[in-house]
1. Rounded to the nearest Å, what's the spacing between the alpha carbon centres of the range 98-115 and the range 1-17? Just the number, please.
2. Pick from V73, V49, V81 the residue whose mean-square fluctuation is largest in a GNM of the chain, springs joining Cα atoms under 10 Å.
3. What do you get for the angle between helix 24-33 and the principal long axis of the chain? Use alpha-carbon atoms, 0 to 90 degrees, nearest ten.
4. Where a ≥ b ≥ c are the square roots of the eigenvalues of the C-alpha gyration tensor, would you call the range 3-91 rounded, which needs a/c under 1.5, or, failing that, prolate if a/b is larger than b/c, or oblate?
5. Need the C-alpha centroid separation for the range 137-196 versus the range 22-71, integer Å.
6. What does the accessible area per residue of the range 1-132 come to in Å², with a 1.4 Å probe and no ligands, DNA or RNA counted?
7. Keeping the other protein chains in place, figure out the carbon and sulfur percent of the accessible area of the chain, with a 1.4 Å probe.
8. Just L151, L174, L46 to compare: in a GNM of the chain, with alpha carbon springs under 10 Å, which one fluctuates most?
Amino acid sequence: EPARRKGVVLNHPTTPHRFSFCHALLHDSIYDELDLATRGAFHARLGRVLEQRVAAGDPSGLGEIARHYLLAVPSDLDVCVRYCRQAADAARNALGFETAADLLSRASEKLAREGGDGRIRCELLLSLGTDRFCVGDIPNAWRALSQGAALAEQIADTELFARFACRIASWLELGGGDEEEIRRLVDRALLAVGES
């Protein structure tokens, strides 16, 4: 209330009980003064509140929830990844492949940083590679797919490893890549899959 009286925050023009800062620099200044734990706790709390208030399937709401869970400390990795995937799917359906790629990239990095499930990270990297490819970011598409193939091989997930090898091999003619390296990858995948 004191901030509202002084004009630091303003009432939202159409939504009651919602406020915004009068200037982005003021928002950034206050936000930057918060320590990481406090900032992360606010994001976790906002994510939970938005989960209850956002209509199911609302693409803009999914993106906002995902953003808060990506910044939450401590984080619930399962919830974070679920919302990042849902928001990426919604963005992809609206042909927002760049937005989808950004969400999946951040979720993958968070999983790697916090020791999340390797199989889930592989699935994110597979989708990320495709989304990067769809926006024409071929080098980062190859990078995501190569990282995913290496991780799938490391965790001995034969099915995912084969999927990465197939995706990489099918794009060889479209976006370059080292043909010998890809041949070795496909050979290893074939060996891992076996007769099946």
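The values are calculated or read from the model by the stated rules, or taken from the named source; none is laboratory data. Remember, it's a predicted structure, so these values are computed and weren't measured experimentally. Ligands, DNA and RNA are excluded from the accessible area calculation, which covers all protein heavy atoms including side chains. Shrake-Rupley method; radii C 1.70, N 1.55, O 1.52, S 1.80 Å.
1. Comparing the Cα centres of the range 98-115 and the range 1-17, I get a distance of 34 Å.
2. Maximum among the listed residues: V49.
3. 80 degrees
4. Numbers: a/c = 2.39, a/b = 1.40, b/c = 1.71.
Oblate is the answer for the range 3-91, as a/c is 1.5 or above yet b/c matches or exceeds a/b.
5. Computed from Cα coordinates, the inter-centre distance equals 36 Å.
6. Values: 7920 Å² over 132 residues.
I get 60 Å² per residue for this part.
7. On the way: 6300 of 11830 Å².
Answer for the chain is 53 percent, counting heavy atoms of protein chains only.
8. L174
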